[in-house]
1. Scanning region 159-174 for residues that are open to solvent by less than 20 Å² (accessible area, probe 1.4 Å) and charged (D, E, K, R), which turns out farthest from the ligand (Cβ to nearest atom)?
2. For residues in region 141-158 being farther than 16 Å from residue 290 by Cβ and either touching an Asp or Glu at 6+ places or on another chain (Cβ under 9 Å) or without any contact (Cβ under 8 Å) to a residue 24 or more places away in the chain (or both), which is most open to solvent (accessible area, probe 1.4 Å)?
3. Of the residues 78, 115, 70, 110, which single one is surrounded by fewer than 20 Cβ atoms within 10 Å (Cβ to Cβ) and within 16 Å of the ligand (Cβ to nearest atom)?
4. Can you tell me which residues in region 387-404 are open to solvent by 20 Å² or more (accessible area, probe 1.4 Å), modelled with pLDDT of 90 or more and either within 16 Å of the ligand (Cβ to nearest atom) or assigned to a loop (DSSP other than H, G, I, E, B) (or both)?
5. Got a number for residues in region 178-214 being more than 23 Å from residue 476 (Cα to Cα), in contact (Cβ under 8 Å) with a residue 24 or more places away in the chain and not in a helix (DSSP H, G or I)?
6. So which of 288, 257, 314, 262 ends up being open to solvent by 30 Å² or more (accessible area, probe 1.4 Å), touching a residue at least 40 places away in the same chain (Cβ under 8 Å) and assigned to a helix (DSSP H, G or I)?
7. Specify the residue that is nearest to the ligand (Cβ to nearest atom); the eligible residues are those in region 423-439 that are among the aliphatic types (A, V, I, L, M) and over 18 Å from residue 314 (Cα atoms).
8. Show the residue pairs that are 6+ apart or on different chains and have beta-carbon atoms under 6 Å apart, the first residue being within region 343-367 and within 18 Å of residue 486 (Cα to Cα) and in the same structural domain as residue 409 (by TED's automatic domain parsing), the second being modelled with pLDDT of 95 or more and open to solvent by 80 Å² or more (accessible area, probe 1.4 Å).
Amino acid sequence: MLSFNASPLLSFTFSLTSITLVLFVTLLTLKCLHLLFLSSAAATNLHLPPSPPKLPIIGNFHQLGYHSHRSLQAMSRRYGPLMMLHFGSAPVLIVSSADCARDIMKTHDRIFSERPRSTLSERLLYHRKDVSLAPYGEYWRQMKSISVLQLLSNKRVHSFRTVREEEISLFMDKIEQLRWVDLSNMFAALTNDIIYRVALGRKYSDGEQGKNFKGLLRDLMRLLGIFNVGDFIPSLGWINKLTGLDAKVECVARAFDKFLDDVVEEHRRKMEVKSVGGGGEDRRDFVDGLLEIEKEKTVGFVLGADSIKAQILDAFAGATDTTYTVLEWAMTELLRHPRAMNILQTEVHKIASGKPNITDEDLEKMHYLRAVLKETLRLHPPVPLLLPRLSTQDPDEFKPERFLNSSVDFKGQDFELIPFGAGRRGCPGTLFAMATNELVLANLVNKFDWALPEGLKPEDLDMTECPGLTIHRKVHLLAVATPFPS
Ligand code: HEM
């Protein structure tokens, strides 16, 4: 998911009231405000939502704490379900009810389909040539449909099944050898390897090249998550030059561009010797698909080199941090809640009935597994300011059972649970991410019994969140795996 773009535009957190609430923050352009709040004649008589007092220049920034979603949640309790803030000079609308979220993301979806500008992200993502930053319109529509058709559709996700299974099997072998594992690191490596293989055709995690690329990807994600003062307070835009941030962004953008040039060139050479992708739908990677479109000119515009590279970057930015964060928090909660772990293991063992490896077919019958993942996405949505929570009873408790006899899903139709957003600009990568998450989690609990390192009680597990683009654990999750007797 590309939360860096999404967060200022569409952001959610939760309220602890007894009804189902989400807090919806949307950064509106003044044009949108006019559309929403101004009657044609009464421009001076605005009926704007209540606002906390603001300061000159910075607006309400000083009221956002270290974890901004938590500060917004607290403010919304005081100012109500519809509240107006100013981030520097940018007006921001905070909506805190599922009904309002539905109104905005469904009824008025078109009005809110534009992304706010972000100079740093735009430099990193080929000046809005990617899907997530592209201005709403025909180019964005075509690019999104390309990413779905070539990478994220049901059919494509299914075709990557062998890659998922092979990588998960290597992951399990590694755990079996190590037993005492840093799950945070391992989840990150696994989800990266899967996206490298399906997008680029091979892994980029080994040796010196792997180390460099890992560092580069880390820098990219960090920079995309940085709050850029100049976007909100233009008069302070010069600060980035002084701090060296502009130079860092330039350096990472160039390094990625060089890397992607090499990747595309390698694929072009491969295409010259073989038919696309070296034969077979299953062996065709994302870059092969993009080059094929470029060659056959099947879209209504020229899919140039920058558009191809921007698509690849979107896939990295969308698929890496977000996917592993879900696994990290799911295992954290299961280790803190041995009862839930037990129920999950019982379900998985029953369905696996002695098989060492879980497959996609087995997953369909695993209802508790799906409930665990939904509950994880509810309590720990990876995208900081798009924080949906189902405020049923005990909203702070980890209770997968709440999803067992409920039709609520995260596909963007149920506005109580929208970790992937909703509407036109909703995340296209839901299927892709969840296919990995379900298979990894089911295999992990099928093969191993899990415990916290000796001396650490479930209630003492550090739950501190890391601020940034995606919210992962601040402290890595360490756990001890004991294989079940075969
Ligand atoms: C657990 C994993 C993921 C989460 C939680 C997540 C979350 C999100 C969210 C919240 C948005 C903004 C939606 C909105 O504005 O309404 C988004 C957009 C997006 N995500 Fe994801 N995402 C995930 C995985 C992926 C994957 C695997 C990909 C692609 C490989 C991806 C690609 C994108 C793209 C391209 C957009 C921009 C869509 C647009 O602007 O039209 N995401 N994601």
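The values are calculated or read from the model by the stated rules, or taken from the named source; none is laboratory data. Every value quoted in this text rests on a predicted model; they were computed, and no experiment measured them. Because the Cβ atoms are built from the backbone with ideal geometry, glycine has one as well, and the counts that use them run over all protein chains shown. Ligands, DNA and RNA are excluded from the accessible area calculation, which covers all protein heavy atoms including side chains. Shrake-Rupley method; radii C 1.70, N 1.55, O 1.52, S 1.80 Å.
1. 167
2. Let us first name the residues in region 141-158 that are farther than 16 Å from residue 290 by Cβ, namely 141, 154-155, 157-158.
Remaining after also requiring either touching an Asp or Glu at 6+ places or on another chain (Cβ under 9 Å) or without any contact (Cβ under 8 Å) to a residue 24 or more places away in the chain (or both): 141, 155, 158.
Details: 141: 107, 155: 142, 158: 102 Å².
Going through the qualifying residues, I end up with 155.
3. 110
4. Scanning region 387-404 gives 397, 399, 404.
5. The number of residues fulfilling the criteria is 1.
6. Of 288, 257, 314, 262, the one residue that is open to solvent by 30 Å² or more (accessible area, probe 1.4 Å), touching a residue at least 40 places away in the same chain (Cβ under 8 Å) and assigned to a helix (DSSP H, G or I) is 257.
7. Filtering region 423-439 for residues that are among the aliphatic types (A, V, I, L, M) and over 18 Å from residue 314 (Cα atoms), the one nearest to the ligand (Cβ to nearest atom) comes out as 435.
8. Here the result reads 351/365, each pair linking region 343-367 to a residue that is modelled with pLDDT of 95 or more and open to solvent by 80 Å² or more (accessible area, probe 1.4 Å).
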